[in-house]
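Trainee: Here you go, one structure.
Here, each number is a calculation from the coordinates, and none is a lab measurement. The structure presented is a predicted model; accordingly, all values stated were derived computationally and were not measured. Every residue, glycine among them, receives a Cβ derived from its backbone with ideal geometry; neighbour counts consider all protein chains shown.
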Amino acid sequence: MNPLNSVLGTIISGFVLAIVIIFVLGSSSVNLLHMQVWFHALAGITWIGLLYYFNFVQVPAVGQALGEADSGGPGPAAINKYVAPRALLWFRWGAVVTWLTGAGALESLGRGGFVNAFTLSDGWVTIGIGAWLGTIMLFNVWVLIWPNQKKILGIVQATPEQIASAKKTALMASRTNTLLSIPMLLCMTGHMHGFAF
């Protein structure tokens with residue numbers, strides 16, 4: 001029975017291997033902060049990976065499929081019916097888990113880390129900017145992207161005019177998140193690796 005034959009088996013195997021590595025390297029070097037940052041990174045990779053997938057792969061592919069639908073092409077139905085809802089599920093909950101694990105990691109840094117980061121206190125500016133950018137991105141996912149995607153995908157009823165407006169709003173919010181992700185990642189990695197201001 002090969003665990004790589006299923007997504008769940010692959011994920012479980014990845015966690016088992018990570019735990020083995022922790023014990024081989026010496027589990028005394030792993031603490032709560034390390035675990036929170038690890039989960040934050042895993043969730044963030046899921047969230048931002050899907051953000052990049054939507055912007056760099058799916059949106060152009062749906063546009064091309066729409067363009068070829070009149071000439072006998074497949075149209076966007078398969079992507080919009082089967083791929084997009086599943087990807088959006090992982091996308092929006094990845095955003096929540098990323099934010100929550102990031103908030104936990106900030107607090108685990110001690111000295112009121114969460115409040116210090118969000119108030120941009122001295123020594124917390126870099127990570128604080130990253131936290132604010134991530135928070136704006138989370139807002140965009142749940143308040144702008146997801147409600148509009150439900151209209152686009154037919155999950156909720158909408159008129160053709162509402163769908164056209166939803167497409168523009170969702171695209172601009174998604175592109176804004178792609179733009180914000182670049183400095184956000186700089187600040188998130190920079191805080192612990194010497195990039196301070």
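Trainee: Between G75 and residues 5 or more places away or on another chain, which pairs have amide H atoms under 5 Å apart, with H built 1.01 Å from N, and which residues are they?
Mentor: A69
Trainee: DSSP loop trypsin sites (Lys or Arg not before Pro) in segment 44-123 with at most 15 other Cβ atoms within 10 Å of their Cβ, which ones?
Mentor: Passing sites in segment 44-123 are R111.
Trainee: Please give the helix 7-25 orientation as an angle from the longest Cα principal axis of the chain, in degrees from 0 to 90, rounded to the nearest 10.
Mentor: 20 degrees
Trainee: Using the alpha-carbon atoms, what tilt in degrees (0 to 90, nearest 10) does helix 125-139 show relative to the longest principal axis of the chain?
Mentor: The angle comes out near 30 degrees.
Trainee: Then there is this: Neighbouring Cβ atoms within 10 Å as the yardstick, rank W38, W47 fewest first.
Mentor: Arranged by neighbour count, lowest to highest, W38, W47 become W38, W47.
Trainee: Which whole-number percent gives the relative contact order of the chain, counting Cα pairs below 8 Å spaced six or more residues apart?
Mentor: 21 percent
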